[in-house]
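See structure below.
Read the figures in this text as sums done on the coordinates, not as results from a lab. Small disclaimer: the values here were computed from a predicted structure and weren't measured. Here the Cβ is made from the backbone with ideal geometry for all residues, glycine too, and neighbour counts use every protein chain on show.
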Amino acid sequence: MKRTKIAALLSADGPREQIIVKGWVRTRRDAKDFSFLEINDGSCLANIQAVVDSDAKGYEHIKDMGTGASVAVTGALIASPGKGQAWEIKASEVELIGGADQDTFPLQKKRHSDEFLRAIAHLRPRTNKFGAAFRIRSELALSVHRFFQDRGFFYLQSPIITGSDCEGAGEMFRVTTMHPGQPLGPEGAKADFFGKEANLTVSGQLSAEPFALALGDVYTFGPTFRAEPSDTARHAAEFWMVEPEMAFADLADNMDLAEDLLKHCIRDVMERRAGDLELFAKWVDTSLMGTLEKLVADPFERIPYAEAVEILRKAPKSFEYEAAFGKDIQTEHERYLAEEHFKKPVIVYDYPKDIKAFYMRQNEDGRTVAAMDVLVPRIGEIVGGSAREERLDRLEARIAEMNLNMECYDWYLDTRRFGTAPHAGFGLGFERLVMLATGVTNIRDVIAFPRTYKHLEF
């Protein structure tokens, strides 16, 4: 007999004569002639209770079925007389699959700190909070794909190893087969695997652009890497990015797509993972549901960068970093705009070109580019994108101005030499989307095994 998942049993429309459930014991309570097992199998937040009488087959092993042990329970699904549960299992047989020593199993208490659980990331999915977080993450990933597939976008698997630096920042992880002691400079790179310097990608964008200029609308969704020595709650060395690219699109199209994507994903998770969201609304952020409902219901605010700077300069509060035209908007500024001034998501656009990447389309004023960032409460920037510079002469001049290696981007310039077209795209930090949906404030708690500055385990 195949096992039935607990999520399916809890939504059953009637009793069943014989079922088998396999999962992990959350708690066990013993009486004189019977025991109660609370079992969770990961399919949902809720447990199911099994009532095991002393005459049930395998009952002699019940004392070994402590918290964390994996078990199989066979029996009948019956209406539960207890409060808070519609169904329970009247067990005819219990089997211990894998024991968990009660003296050493670390998840005995009801609640543990996030710091403690990060140290045992291989076990933390067994907790209610992290089980719920990763079910939500899974739902959001599916929602991303549904959104783009329903709109005719093609899914592109962009390379992880690259010979180009998308941002021009140089904060990349080197990929090499060279042994310690061998030279890693330009001459040494010729003897390396690829015959040139190779790195882990910081973005799928440069791969997506040529495909958008062939297939129309594409998106990448995969891991990206930044070698920034930032040890903050929002940064990780390895993270996932959602990066659509659209041909024959401008900045307004880009802003519309980003807003629609965020609303679609949040709406999906509210509808499909309501039970898991309820945990975060109760224990992590009591304002979560109000924030998400407002995000879905109201149009995002849209303001030029210059206006955002003026709002910040006139704000009735002090900031650690001064807001001024020509300076990047810091996290504290982003959160003030989204949380306090507008009290909803904000799209800031038309940034100074000197603080943005070489590929962003230059506006006619000569000092700004058609870039945009989406800012959301509690997190700040969640999306960054732009219209791309499709004019060959402007793009070449910008690459030279930023002292980038023109030869490295010759292939990229070909897309402007042959059939260039206006196009636009953005990058959505997927972990930040999970943080937005759950109210979790540390990126380490929405990645299965976080890779952060000075931290690499598992």
In the neighborhood of residue 260, defined by Cβ-to-Cβ distances under 12 Å, what is the net charge if each Lys or Arg adds +1 and each Asp or Glu adds -1?
-1
Cα extents of region 402-458 along the three principal axes, largest first (Å)
45, 27, 22
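Rank these for me by crowding, 265, 408, 44, going from fewest to most other beta carbons within 10 Å. Spell out each step's value before the answer.
Values: 265 26, 408 14, 44 21.
So the ranking, lowest neighbour count to highest, is 408, 44, 265.
What FRET efficiency do you get for residue 43 and residue 97 if R0 is 22 Å and r is their Cβ-Cβ distance, rounded to the nearest 0.05?
On the way: r = 17 Å, r/R0 = 0.76.
My answer for the efficiency is 0.85.
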Antiparallel %, DSSP beta bridges [both residues in region 294-381], to 5:
70
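Helix-only estimate, please: 222 nm mean residue ellipticity of the chain, summing -39500 (n - 2.57) across DSSP H runs of length 4 or more and dividing by its residues, to the nearest 500.
-8500 deg cm²/dmol
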Radius 9 Å from Cβ of residue 432, net charge of other residues (Lys, Arg +1; Asp, Glu -1)
-1
For percent of Cα pairs over 30 Å apart, pick the label among (i) 47; (ii) 41; (iii) 55 that corresponds to the value derived from the coordinates.
(iii)
Modelling each spin label as a point 7 Å along the Cα-to-Cβ direction, I'd like the residue 154/residue 193 distance in nm, to one decimal.
2.8
Count the net charge of all other residues whose Cβ sits under 12 Å from the Cβ of residue 297, scoring Lys and Arg as +1 and Asp and Glu as -1.
+2
Sequence of 43, 113 once ranked by neighbouring C-beta atoms within 10 Å, starting from the fewest
113, 43
Rounded, prolate or oblate (a/c below 1.5 giving rounded, otherwise prolate when a/b exceeds b/c) for region 180-285 by Cα gyration tensor:
oblate
Which GluC sites (Glu not before Pro) does region 318-390 hold that lie in a coil by DSSP with at most 15 other beta carbons within 10 Å?
320, 322, 364
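Which percent of the Cα-Cα distances in region 310-376 go past 13 Å? Write down the numbers at each step before the final one.
Details: 1431 of 2211 pairs.
Here the long-distance tail beyond 13 Å is 65 percent of all Cα pairs in region 310-376.
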What value in Å³ per residue do you get for the convex hull of the alpha-carbon atoms in region 6-105?
97
I need the fraction of alpha carbon pairs in region 326-458 separated by more than 25 Å, rounded to a whole percent.
42
So, in nm, how far is label residue 80 from label residue 417 when the simple model puts each one 7 Å beyond its Cα toward the Cβ?
6.9
1/(1 + (r/R0)^6) with r = Cβ-Cβ of residue 3 and residue 314, R0 = 35 Å, i.e. FRET efficiency to nearest 0.05, evaluates to 0.05
Sort 101, 64 so that the residue with the fewest other Cβ atoms within 10 Å of its own Cβ comes first and the one with the most comes last.
101, 64
FRET efficiency estimate (nearest 0.05) - Cβ-Cβ, residue 174 to residue 410, R0 30 angstrom:
0.85
Contour minus Cα-Cα distance for residue 271 and residue 233 (0.36 nm per residue):
10.9 nm
Sorted by average packing, counted as other Cβ atoms within 10 angstrom per residue and highest first, what order do 175-181, 448-454, 344-350 take?
344-350, 448-454, 175-181
Kindly identify region 102-252 as rounded, prolate or oblate by the Cα gyration tensor criterion: order the square roots of the eigenvalues as a ≥ b ≥ c, call it rounded if a/c is under 1.5, otherwise compare a/b with b/c, prolate if a/b is larger, else oblate.
oblate
Modelling each spin label as a point 7 Å along the Cα-to-Cβ direction, I'd like the residue 391/residue 63 distance in nm, to one decimal.
8.4
